[in-house]
Amino acid sequence: MSSFETKIQEALANPKNQGEIEDADAMGTVGSPECGDMLRMWLKFTEKDGKRVIDRASFQAFGCQTAIAVASMATELLRGKTAEEAKHLTVQELTGELGPLPPMKIHCGQLVEGALRNALDNDAPAGPAPGNMAPTLAASLHRPAAGKLRIVPIE
Ligand code: FES
């Protein structure tokens, strides 16, 4: 097994932050047209030193092992980040200790990145507003595609 696969297996043996955050401030869901997998992410914010930072992040994946491992890693390293910082994290940064994803697995990381971006887009700084959790399909479709692959937010 390559060291990448070993790290994936280690992350899967004890995945972190799986499941819904009941009182989440934001939620994002995306599906990958490449493989049909889906990932949903929840974010809960808190106030720290006058800044609004991510207190907890969680996920649920209907996807491959790499997506689950990356989501587990990403939800750990999102803690303490501001929304602005989180928005600028690249796929390769979200993988944390897993290291760079092999080319075949990049889209698995993009699924995690897409769910995070979708959640951040849905976040209302003044608190959750009804109707703010789910973007309209039309708004989702107008989002610029990241790279060649289009990750589609799902209602
Ligand atoms: Fe679909 Fe990994 S194979 S997310």
note = Sorted on mean Cβ neighbours within 10 Å (highest first), peptides 25-34, 114-123, 65-74 come out as 65-74, 114-123, 25-34
Charged-residue dipole, Cβ positions (Lys, Arg, Asp, Glu), segment 45-88 about Cα centre, Debye nearest 20 = 40 debye
Mean Cβ neighbour count within 10 Å, used as a protection proxy, ranking 104-113, 87-96 highest first = 104-113, 87-96
remark   = Once the in-chain neighbours fewer than 8 apart are removed, the lysines whose Cα is under 26 Å from residue 7 read 16, 81, 87, 105
ask   = Do any trypsin sites (Lys or Arg not before Pro) in segment 1-65 lie in a DSSP loop with no more than 15 other beta carbon atoms within 10 Å, and if so, which?
value = 16
ask   = At a Förster distance of 22 Å, what's the computed FRET efficiency of residue 79 paired with residue 35, Cβ-Cβ distance as r, to 0.05?
value = 0.20
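None of the figures in this text is laboratory data; all of them are computed from the coordinates on show. For clarity, every value in this text was computed on a predicted model and none was experimentally measured. Virtual Cβ from ideal backbone geometry, glycine too; neighbours counted across all protein chains shown.
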